[in-house]
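The values are calculated or read from the model by the stated rules, or taken from the named source; none is laboratory data. This is a predicted model, so every value here is computed, not measured. Using ideal geometry, Cβ is built from the backbone for each residue, glycine included, and neighbour counts are taken over all protein chains shown. Surface areas here come from the heavy atoms of the whole protein model, side chains and all, with no ligands, DNA or RNA. Shrake-Rupley method; radii C 1.70, N 1.55, O 1.52, S 1.80 Å.
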Amino acid sequence: EAQVTQNPRYLITVTGKKLTVTCSQNMNHEYMSWYRQDPGLGLRQIYYSMNVEVTDKGDVPEGYKVSRKEKRNFPLILESPSPNQTSLYFCASSLLPGETYEQYFGPGTRLTVT
Amino acid sequence: GNSVTQMEGPVTLSEEAFLTINCTYTATGYPSLFWYVQYPGEGLQLLLKATKADDKGSNKGFEATYRKETTSFHLEKGSVQVSDSAVYFCALIGPGGGADGLTFGKGTHLIIQP
């Protein structure tokens, strides 16, 4: 089954404790991205990747890192989480960027930073 | 920059009522327009899209027409069902490929009562 998977689905952590949210897709997609969803703000892009070893900042990259060492994986790294990073995070992928190719979204990771 | 404005809700309707969710956008040139749906506890799914002016996207009884003159992409359905209860997001990708991903509205929470 074609899908985007994220782990963990739920995470409660404390300020400053490094964490990684994994994202994996099995569709051989070149384009992957991370969004955060906050009430009243909708979804905002954090980082995106056009292909292996090619990443770029989205609208809200501060406090986040990403890597793309393999085509299928695109982990989101919070080196020193803070309470303002409490949010619902979505990973997405598409064959290529742009309007022609549908973006597939993962089920989301709900992160709470205390 | 690009932006999307949509009514936030919640919008509460009775089953079989007519639905309209308004969406307007600001973008340079002619973007591609999308409606995504998020069911409780799930990621986003593409509902429909339109890539040029006067195009009509349709799926599962939902429709939206790309109106360049009013920069709008309103979502409509003639007779809603309880199963349509979800959060609906209007989104766009700018012309030129959209490597930086989708720009989303804040989302509209739709509640359908039996």
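Residue B:28: among the polar types (S, T, N, Q), assigned to a strand (DSSP E or B), in contact (Cβ under 8 Å) with a residue 40 or more places away in the chain and open to solvent by 30 Å² or more (accessible area, probe 1.4 Å), yes or no? I'd like the intermediate steps shown before the answer.
Numbers: among the polar types (S, T, N, Q): yes; assigned to a strand (DSSP E or B): no; in contact (Cβ under 8 Å) with a residue 40 or more places away in the chain: yes; open to solvent by 30 Å² or more (accessible area, probe 1.4 Å): yes.
When the stated conditions are applied, residue B:28 does not pass them.
Can you pull out the residues in the range B:31-42 that are closer than 16 Å to residue B:86 by Cα, open to solvent by less than 70 Å² (accessible area, probe 1.4 Å) and outside any strand (DSSP E or B)?
Those that are closer than 16 Å to residue B:86 by Cα, open to solvent by less than 70 Å² (accessible area, probe 1.4 Å) and outside any strand (DSSP E or B): B:39, B:41.
Residues in the range A:96-114 that are at pLDDT 90 or above, in a loop (DSSP other than H, G, I, E, B) and more than 7 Å from every other protein chain (Cβ to nearest Cβ): how many?
Here the count works out to 1.
Is it the case that some residue within the range B:2-15 is open to solvent by 70 Å² or more (accessible area, probe 1.4 Å), closer than 17 Å to residue B:87 by Cα, modelled with pLDDT under 95 and in contact with a Lys or Arg (Cβ under 7 Å, 6 or more places away or on another chain)?
yes
Given the conditions (1) assigned to a strand (DSSP E or B); (2) away from chain B (no Cβ under 11 Å), which single one is not true for residue A:15?
Checking residue A:15 against (1) assigned to a strand (DSSP E or B); (2) away from chain B (no Cβ under 11 Å), the one that fails is (1).
Tally the residues that are at positive phi and β-branched (Val, Ile, Thr), restricting the search to the range B:1-30.
0
If residue A:29 satisfies all but one of (1) within 23 Å of residue B:49 (Cα to Cα); (2) in a strand (DSSP E or B); (3) in contact (Cβ under 8 Å) with a residue 24 or more places away in the chain, what's the number of the condition it fails?
All conditions pass for residue A:29, except number (2).
If we keep just the residues of the range B:53-74 that are closer than 14 Å to residue B:88 by Cα and either in contact (Cβ under 8 Å) with a residue 24 or more places away in the chain or among the small types (Gly, Ala, Ser) (or both), which is most open to solvent (accessible area, probe 1.4 Å)?
The extreme case among them is B:74.
Hey, can you tell me all the residues within the range A:34-48 that are within 9 Å of chain B (Cβ to nearest Cβ) and either in contact (Cβ under 8 Å) with a residue 12 or more places away in the chain or open to solvent by 20 Å² or more (accessible area, probe 1.4 Å) (or both)?
Residues of the range A:34-48 within 9 Å of chain B (Cβ to nearest Cβ): A:35, A:37, A:39-45, A:48.
Result: A:35, A:37, A:39, A:40, A:41, A:43, A:44, A:45, A:48.
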